[in-house]
């Protein structure tokens, strides 16, 4: 307990010294800072603690959540000063999507789970299903699930048929709409948010002697762009843009979306995290009505059949990336 307290205090001290930073985002890809502050495109996957994947053969999936955003509000801001004058600019973007019913979302979640299990099996992993995991580690059956189709950070959360929905760190946090990654608050919240499934997954794996996997898959209806911040001159132009297309959404380590967590059986609580940083987007048409074409605000009405087809396509492209990460570091 003392160690945990010290870590939280140290994190709070570190976070308080780091300002909110509005990074430039281009079609769902957040630019990162390289040499001399130069903005660079991130690697497709960010992997933390990759050594935890070594020796994984028999695995169980404790959490598999598929999130479907229903709306998003993004604010881009710039500010600057020159010659004693101060200026600022702001751009607001609001989007919504309707037309995709619960049955369609359930089928997408079911297919995503089946696909992931099939890919793990084809890669040589033995996948222990939920009933067997509950037999090996009875505590798993006592976890408190959320109602399926609960609302969370990324909209509507769906668990595959026959599985339960469990919150993961950040799922109940408010989605960041500022166009900035607030390291000081987000880092602290992510580190201190410990839902039951997150806190107990490593222990369940230890008792059952299996590697444990938790997946969050965010299936969005487009990608977003923001201008970032310029403090030069009069601050520059603020812009926020939206490009429709069924997408497996990406993020960064501190503001993540689609992720995979893994703990080996004797992890001691230290696991691996893989974060998708470049989204997988389909250009297939799925919209029946978009309101005013080209407007900053977009009210999308989707064709559920076309949305499902495009979702299957991008999911089938995205999930193998996580299996590949596991294999590469096996």
Contact list please: Cβ distance under 9 Å, first residue in segment 297-313 and without any contact (Cβ under 8 Å) to a residue 12 or more places away in the chain, second residue part of a strand (DSSP E or B) and crowded, with 16+ Cβ neighbours inside 10 Å, pairs at least six apart or on different chains. none
Regarding segment 31-44, can at least one residue be identified that is crowded, with 17+ Cβ neighbours inside 10 Å, within 24 Å of residue 312 (Cα to Cα) and at pLDDT 85 or above? no
Touching a helix residue (DSSP H, G or I) at 6+ places or on another chain (Cβ under 9 Å), at positive phi, at pLDDT 95 or above and surrounded by fewer than 16 Cβ atoms within 10 Å (Cβ to Cβ) - does that describe any residue in segment 153-161? no
Identify, from the list 15, 22, the residue that is touching a helix residue (DSSP H, G or I) at 6+ places or on another chain (Cβ under 7 Å), surrounded by 13 or more Cβ atoms within 10 Å (Cβ to Cβ), modelled with pLDDT under 75 and more than 30 Å from residue 132 (Cα to Cα). 15
Considering only segment 125-146, I want to know if a residue exists there that is assigned to a loop (DSSP other than H, G, I, E, B) and farther than 18 Å from residue 62 by Cβ. no
Positions within segment 209-243 being over 19 Å from residue 175 (Cα atoms), in contact with a strand residue (DSSP E or B) (Cβ under 6 Å, 6 or more places away or on another chain) and either crowded, with 22+ Cβ neighbours inside 10 Å or modelled with pLDDT of 95 or more (or both), in sequence order: 210, 211, 212, 213, 214, 238
Residues of segment 162-175 being crowded, with 18+ Cβ neighbours inside 10 Å and either modelled with pLDDT under 95 or outside any strand (DSSP E or B) (or both), in sequence order, are 163, 164, 166, 167, 168, 169, 170, 171
Looking at segment 176-208, which of its residues are in a loop (DSSP other than H, G, I, E, B) and at pLDDT 80 or above? 194, 195
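The values are calculated or read from the model by the stated rules, or taken from the named source; none is laboratory data. Treat the numbers as computed from the prediction; the structure is a model and nothing was measured. Don't worry about glycine lacking a Cβ; one is built from the backbone with ideal geometry, like all the others, and counts go over all protein chains shown.
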